[in-house]
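The next block holds one structure in the form of structure tokens; read it before the comments.
The values are calculated or read from the model by the stated rules, or taken from the named source; none is laboratory data. Quick caveat: nothing in here was measured; it's all calculated off a predicted structure. So basically every Cβ, Gly included, is an ideal-geometry build from the backbone, and we count neighbours across all protein chains shown. For accessibility, only protein heavy atoms count, side chains too; no ligands or nucleic acids. Shrake-Rupley method; radii C 1.70, N 1.55, O 1.52, S 1.80 Å.
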Amino acid sequence: KYENPWTIPNILSLARIGLAPVLGYLIVEENFNIALGVFALAGITDLLDGFIARNWASQKSALGSALDPLADKILISVLYVSLSCASLIPVPLTTLIILRDIVLIAAVFYVRYKTLSPPRTLGRYFNPCYATAQLKPTFISKMNTAVQLILVAASLAAPVFDYVDSIYLQTLWCITAFTTAASAYSYYRYGRKTVQKLKFAHFPQNWTVRFYLESRC
């Protein structure tokens with residue numbers, strides 16, 4: 001399936017990816033007030049791209065179904081690493097989130113390879129105009145993304161409003177660890193159902209691909 005990759009939602013997702021290193025730098029430099037503002041801007045791009053894709057059919061794309069969650073993963077990964085460097089989020093929690101996301105992203109590349117019809121050249125593989133699969137989220141993955149972002153917002157605000165050692169923040173660490181693990185299991189259990197083949201796409205019957213299928217996680 002050939003599609004135009006330059007839709008407004010896809011551009012907004014790319015903008016969110018571009019904001020990730022900016023946020024990371026601000027957090028490491030402990031400019032938390034500015035970081036909160038930039039984080040709010042990134043959140044607005046996330047809301048907008050989803051709203052536009054849902055309400056305008058011409059702006060919806062198979063690429064966007066992968067690019068939107070990929071942008072979320074990159075942003076979340078950078079935020080958690082930088083917040084751990086600033087001693088605002090525990091390192092074990094960040095490690096759990098990063099490892100899970102690495103596995104899921106690797107699975108998306110695997111699915112892309114398997115659903116791409118021959119000849120499987122690098123040019124065709126990385127050409128965003130040719131879509132081979134539509135990715136859909138599981139419910140728990142949506143919840144997990146929301147919880148992870150809530151923890152980021154709370155952690156960014158903690159030094160600004162002076163509640164770094166709050167028991168509520170520590171409770172949120174535990175909730176985030178639970179939803180992250182539950183989301184990983186949901187892709188292991190139901191991952192195959194999150195992929196919808198597009199016309200002429202070939203999808204492998206090997207059950208092991210279930211573990212790693214992505215959407216908005």
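At R0 = 30 Å, how high is the FRET efficiency between ASN55 and ILE150 if r is their beta carbon distance? Nearest 0.05 is fine. The calculated FRET efficiency here is 0.75. Which part of the stretch 150-168 falls in the paramagnetic zone of PHE178, meaning amide N under 18 Å from the point 7 Å along Cα-to-beta-carbon? Residues 150-152, 167-168 qualify, since their backbone N sits under 18 Å from the label point.
Give me the percent of accessible area attributable to carbon and sulfur for the stretch 1-156, probe 1.4 angstrom. Present the calculation step by step, with values, prior to reporting the outcome.
Values: 5420 of 7480 Å².
The nonpolar share, carbon plus sulfur, comes to 72 percent.
A simple spin-label model places pseudo-atoms 7 Å from Cα toward Cβ; at TYR113 and ILE167 they are separated by 5.0 nm. On the principal axes of its alpha-carbon atoms, the stretch 31-172 has extents of 56, 33, 28 Å, going from largest to smallest. Taking 0.36 nm per residue of sequence separation and removing the Cα-Cα distance, the VAL103/TYR25 pair yields an extension gain of 25.5 nm.
Cα to Cα, under 16 Å, and not fewer than 8 places away if on the same chain: which aspartates and glutamates meet these conditions relative to LYS60? Within the straight-line cut-off, LYS60 pairs with GLU3, ASP46, ASP49, ASP68. If each of VAL160 and ARG124 carries a label point 7 Å out from its Cα toward its Cβ, how far apart are those two points in nm? Taking the simple label geometry, VAL160 and ARG124 are separated by 4.9 nm.
For SER155, what charge total do you get from the other residues with a beta carbon under 15 Å from its beta carbon, if Lys and Arg give +1 and Asp and Glu give -1?
On the way: positive: none; negative: GLU30, ASP162, ASP165.
Within the 15 Å Cβ shell, the charges total -3.
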